[in-house]
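A short worksheet on the structure shown next.
The values are calculated or read from the model by the stated rules, or taken from the named source; none is laboratory data. Note that this is a predicted model, so its numbers are computed, not measured. Neighbour counts are summed over all protein chains in view; Cβ atoms, including those assigned to glycine, are modelled from backbone coordinates with ideal geometry.
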Amino acid sequence: MHRSLITVAAAACLLFAAAPAADAAATRSFDFRTSAGVHGGHAHAWGNATFRSGGRASITGRLNDVCPGDGLGAYLDVEVFFRGDAVDRFYAKDIQGCSDPDGVAFSFSVDGLQAVTGMRLILHEEDADGNKVGEERWLHIDNPQN
C-alpha cells in the first residue's frame, strides 16, 4: 500500500511538471527600419510582441526618427488581428526630431474575446502635413500558439 501511494504521488508530480502553464506566453522580437530617404534620415522600430492565452497580447518597444534631421517624423501603425476577422489598431509616433537619439517608448495591450492570430506593424515617415513620404515597411508577426 505504501509503495503504490508513492508511485501515484510521483506520477502526479510528473504529470503536473510536464503540463504547460495555463498562461504560457510566446514572445517574438522585432527590429526593422525604412531605408534612408534623400535627406539621410529614416524610421526605426524595435521591441517585443508577446502572445498570451486567449485574446491577450501586448507589444512594447521603441520608435526612433533617426537623424540627420529631415523634417519628417517616424510613425508606427500596429494592427492586432483576432480570430473572426476583428482588428484593433494602435499608433505610435516620434516627432521629436533629433532631440532624443533613443526615440520614444510605446506599449499597447489587448484583451479580446477571440484568440489573437497575429500582428502587422507598418513603419513609415510623414511630413508636418501628415503626408507619407518615402518607403513604407510592413512586418507581420504570427501568433506561434495558433
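When you check Phe90 against the structure, is it assigned to a strand (DSSP E or B) and either closer than 12 Å to Ala43 by Cα or in contact (Cβ under 8 Å) with a residue 40 or more places away in the chain (or both), yes or no? So Phe90 fails the test.
Restricting attention to region 51-87, the residues that are in a strand (DSSP E or B), more than 21 Å from Trp138 (Cα to Cα) and without any contact (Cβ under 8 Å) to a residue 40 or more places away in the chain add up to 0.
Restricting attention to region 72-86 and to residues that are over 17 Å from the mean Cα position of the chain (by Cα) and under 18 Å from Ala45 (Cβ atoms), the residue that is modelled with the lowest pLDDT turns out to be Leu72. Taking region 105-124 as the search range and keeping residues that are surrounded by fewer than 17 Cβ atoms within 10 Å (Cβ to Cβ) and within 13 Å of Gly47 (Cα to Cα), which one is farthest from the chain's Cα centre (by Cα)? Filtering first and then ranking leaves Ala105. So which residues in region 103-146 are polar (S, T, N, Q) and touching a strand residue (DSSP E or B) at 6+ places or on another chain (Cβ under 9 Å)? Scanning region 103-146 gives Ser107, Ser109, Gln114, Thr117, Asn143, Gln145, Asn146.
From the list Cys13, Cys67, which one is surrounded by fewer than 14 Cβ atoms within 10 Å (Cβ to Cβ) and either modelled with pLDDT under 85 or over 27 Å from the mean Cα position of the chain (by Cα) (or both)?
Within the list Cys13, Cys67, the selection yields Cys13.
Among all positions in region 101-123, there is at least one residue which is in a loop (DSSP other than H, G, I, E, B), free of Cβ contacts under 8 Å to residues at least 40 places away in the same chain, within 25 Å of Ser29 (Cβ to Cβ) and out of contact with any Gly (no Cβ under 8 Å at 6 or more places or on another chain).
The residues listed here are Arg33, Arg89, Arg62; of these, the one that is exposed (fewer than 15 other Cβ atoms within 10 Å of the Cβ) and at pLDDT 70 or above is Arg89.
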